[in-house]
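Worksheet for the structure shown next.
The values are calculated or read from the model by the stated rules, or taken from the named source; none is laboratory data. Computed from a predicted model, the values in this text were never measured in an experiment. Cβ sites come from the backbone with ideal geometry, for glycine too, and all protein chains shown count toward neighbours.
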Amino acid sequence: MHEIDRDILREQMGDEADVDALLRELAPIFVDYSRACFEKLHAAATVGDLETVASLAHTLKGSAATLGATSLAECCAELQWAARSQNEEDATRSIERVTSSFDHVARELSDYL
């Protein structure tokens, strides 16, 4: 199963877009930025700062959706909702799902790094 929906990238960039070239350009930026967000996300979760968790989940959701990582974007949306609802237990479980989903995306993007 592919974590990146290449059709989404084509829709955004045009049918003639070279998706592989685009991924070579975007993958390192996305992975590095996401890892930095995850560090902040885990730090915020550790101290119970669910407002920051929700904000970071929103940011990650947008980045993932733009890249075509729809499963990751959906996991981020769940995390954002849990954090905004101030539900620490659901947020903790959602962070685990987001982290796992990101790991799958990063593995798929490893060829472009």
Filter the stretch 81-92 for residues that are touching a Leu at 6+ places or on another chain (Cβ under 9 Å) and part of a helix (DSSP H, G or I) and give the result.
82, 83, 84, 88, 90, 91
Flag if residue 9 is assigned to a helix (DSSP H, G or I) and touching an Asp or Glu at 6+ places or on another chain (Cβ under 9 Å):
no
Of the residues in the stretch 28-68, those that are among the hydroxyl-bearing types (Ser, Thr, Tyr) and surrounded by 13 or more Cβ atoms within 10 Å (Cβ to Cβ) come to 33, 34, 52, 55, 59, 63, 66
Can you list residue pairs whose Cβ atoms sit under 7 Å apart, with the first residue in the stretch 80-93 being touching a residue at least 40 places away in the same chain (Cβ under 8 Å) and the second being assigned to a helix (DSSP H, G or I) and aliphatic (A, V, I, L, M)? Count only pairs 6 or more apart in sequence or on different chains.
88/50; 91/45; 91/50; 91/53; 91/79; 91/82; 91/83; 92/45
Which one is nearest to residue 20 (Cα to Cα) among residues in the stretch 98-113 that are within 11 Å of the chain's Cα centre (by Cα) and of a type outside the set (Gly, Ala, Ser)?
105
Does residue 55 satisfy being of a type outside the set (A, V, I, L, M, F, W, C) and in contact with a Ser or Thr (Cβ under 6 Å, 6 or more places away or on another chain)?
no
Quick check on my filter: what residues within the stretch 1-17 are surrounded by 12 or more Cβ atoms within 10 Å (Cβ to Cβ), farther than 14 Å from residue 109 by Cβ and among the charged types (D, E, K, R)?
10, 11
Looking only at residues that are in a loop (DSSP other than H, G, I, E, B) and of a type in the set (D, E, K, R) in the stretch 18-61, which one is nearest to residue 108 (Cα to Cα)?
18
For the stretch 99-107, state whether one or more residues are surrounded by 14 or more Cβ atoms within 10 Å (Cβ to Cβ) and basic (Lys, Arg).
no
Say whether the condition of being of a type in the set (Lys, Arg), closer than 22 Å to residue 3 by Cβ, surrounded by 14 or more Cβ atoms within 10 Å (Cβ to Cβ) and at pLDDT 95 or above is met by at least one residue in the stretch 20-27.
no
